[in-house]
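Contents: one structure, followed by commentary.
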Amino acid sequence: MGRFLFFIVRPVLAIMYTAGLGLLIPYLLVLGLPAEVEGRVPSFSLPLLGGAIALIAIAVFATFLLRDSYRQAVRSIALYSFIPGALAGVVFFYGRDTVMRSVAQYGSEVEAFVSLYLDSKIPQIGYLAAAYVVVGIALLWLSRKV
């Protein structure tokens, strides 16, 4: 493949992979909605998961096809994994306060509901951020061994 086309396709694959991993965060949030709200969103959660899996699979497959070696492909995927990990980490550390400030205008009942929900979900986002970083580190290590 020509170098020009490679430099166009590579960022697109990075965006696809990162978007797929990023879609897993709202999927977890939708999955954990309380029973009262859950009846309104189940049709949304499966396409979200399907879209995430499809984006990840296409990006990984195409990366392996386009790179010259498995080592380069695994290294690229490892580096792509750090991006959503870093973003999820930022949401984990700064997201709750920002959300609570925006929700405060809707009244104390909404604020209490959102606070309870975030207290249960923010740790999951933190674990997911840590998982992305661990996957990135593991893939970087694997890229040296392949």
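Here, each number is a calculation from the coordinates, and none is a lab measurement. Since the structure is predicted, the reported quantities are computational estimates derived from the model, not experimental observations. Here Cβ is always computed from backbone atoms with ideal geometry, including for glycine, and neighbour counts include all displayed protein chains.
In this structure, the amide hydrogen of ARG67, modeled 1.01 Å from its nitrogen in the peptide plane, lies closer than 5 angstrom to no residue at least 5 positions away or on a different chain.
Going by neighbour counts of Cβ atoms within 10 Å, the residues THR63, THR98 line up, fewest first, as THR98, THR63.
Ordering VAL114, VAL12 by the number of other Cβ atoms within 10 Å of each residue's own Cβ, fewest first, gives VAL12, VAL114.
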